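Take a look at the structure set out below.
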Amino acid sequence: MSDFLTSRKVRAEAPCTGDCRTAHVREGIASLGAEAARLDRRGFLTQTMLASAALALAACGGSFGLGESMAPSSVGASIKLADYSALATVGGVAVVTLNGARLAIVRTGASSFVSLSLVCPHQGAIVATTSSGFQCPQHGATFNRTGMWIGGQPASNMRSYPTTYDATAGTIAIG
C-alpha cells in the first residue's frame, strides 16, 4: 500500500496531460488488487436481495399491461356470419385468427357483436373460453363475455376492437 500512496503523491505533483483523473482512478483501482475490490459478504447478500426483490416485483405487480402491448392495436378484417355457426345465437362465441390476431367474436344481441383479443392483458397468455366468458390459464384471471375482468388475478379488461355488423351482407367487420 505504501508504494500506491507514494506513486499518488508523485503523480499529484506532476503536470496533468490529457484525461489524468480517469487514468489515476484506473491505476488506483488496479493497484488495490482483487481482494479489496470484492464485495464483502454483507454487500453481496444485500445486492442479491435487491436483485431478487426487483425480479419478484416485475413478475407480479410490475407487469400490468404487458399483454396489452402484445395484442394488436387493430385487426382490419371481416368475416361472414354464416361461416360460424356458434354466432347464430345470442351468447355464442367464435374463436378466429384474423391477420395473425387470435380473437373471440361474441354475439351480444340480435344485431350486436363484440370482438376481443385473446391475449391476456396481464402477462400475454392466450385466454381460454369458458361457459361464462374467458379465463387465463397462466394466472387465473376471469373475464365475462364482453371482456370485462371479473375475478382471479387482477388484470385490466381484455382488448376489444370496433365491430360493425352488416345484416344485408351477413358480414362482421372488425377494426
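What follows is calculated from the coordinates using simple rules that are stated; it is not laboratory data. Being a predicted model, the structure only gives us computed values, none of them experimental. Neighbour counts run over all protein chains shown; Cβ positions are idealised from the backbone, glycine included.
Just check the range 113-163 against the gyration tensor rule for me: Cα atoms, a ≥ b ≥ c as the square roots of the eigenvalues, rounded for a/c under 1.5, and otherwise prolate or oblate depending on whether a/b exceeds b/c.
Cα axes put the range 113-163 in the prolate bin.
Name the long-range amide H neighbours of R159: under 5 Å, sequence gap of 5 or more, or other chain; modelled H, no Pro or chain starts.
Result for R159 returns S117.
Going by average Cβ density within 10 Å per residue, which order do the peptides 112-124, 85-97, 131-143, 156-168 take, highest to lowest?
Result, highest mean first: 112-124, 131-143, 156-168, 85-97.
Per residue of the range 131-141, what does 6.51 cos²θ - 1.76 cosθ + 1.60 with θ = phi - 60° give for ³J(HN,Hα)? Whole Hz please, x for Gly and Pro, Karplus curve as stated.
3J(HN,Hα) across the range 131-141, in whole Hz: 5, 10, x, 9, 9, 7, x, 7, 9, x, 5.
Which cross-chain or sequence-distant (5 or more) residues have an amide H under 5 Å from the amide H of I150, H modelled 1.01 Å from N in plane?
Here T142, F143, N144 satisfy the definition.
Which whole-Hz ³J(HN,Hα) couplings does the range 93-110 yield from phi under the Karplus relation 6.51 cos²θ - 1.76 cosθ + 1.60, θ = phi - 60°, glycine and proline marked x?
Residue by residue, the range 93-110 yields 10, 10, 9, 9, 10, 10, 6, x, 9, 7, 10, 10, 10, 10, 8, 9, x, 4 Hz.
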